[in-house]
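For reference, the structure is listed below as structure tokens.
Each reported figure results from applying straightforward, stated rules to the coordinates on display, with no laboratory input. Since the model is a prediction, treat every value here as computed from it, not as a measurement. Virtual Cβ from ideal backbone geometry, glycine too; neighbours counted across all protein chains shown.
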Amino acid sequence: MSTPLYDKQKLMRDFSTGHKRVLNFSDAGAGKTAATLHAIANLKAKTLVMAPKAIIEPSWVDDCRAFTPALTIMPAYAANRSLAL
């Protein structure tokens, strides 16, 4: 993993990794994306992240490449869902 996490992000990552389902409503700028991507990388399993299309492309795809470049990602939405899933 290329980007190190802050202590609060490590807590988020560890909590997420230890639970089957997680909703993280932390404040904006708390590091949810990085912590979540690191948790997904630790799980080493297919994972579905649901978010508005306006967030997936410009934010999650770029952040995934920056924070966890080893992860394989495929944004899925109505037009390409059969390819992605």
So which trypsin sites (Lys or Arg not before Pro) in the chain end up in coil per DSSP with only 11 or fewer other C-beta atoms within 10 Å? 20, 21, 44, 46
With loop defined by DSSP as not H, G, I, E or B, and exposure as at most 16 other Cβ atoms within 10 Å, which is the longest segment of the chain clear of exposed chymotrypsin sites (Phe, Trp or Tyr not before Pro)? 26-76
Across the stretch 14-19, in residue order, what do the Karplus-derived ³J(HN,Hα) couplings come to in whole Hz, using 6.51 cos²θ - 1.76 cosθ + 1.60 with θ = phi - 60° and x for Gly and Pro? 5, 5, 5, 5, x, 10
For residue 31, what is the net charge nearby, where nearby means another residue's Cβ is under 15 Å from its Cβ and Lys, Arg count +1, Asp, Glu -1? 0
Any idea what log10 I(q)/I(0) is at q = 0.13, 0.22, 0.23 Å⁻¹ for the stretch 7-84, Debye with uniform C-alpha scatterers and no solvent? -0.39, -1.13, -1.23
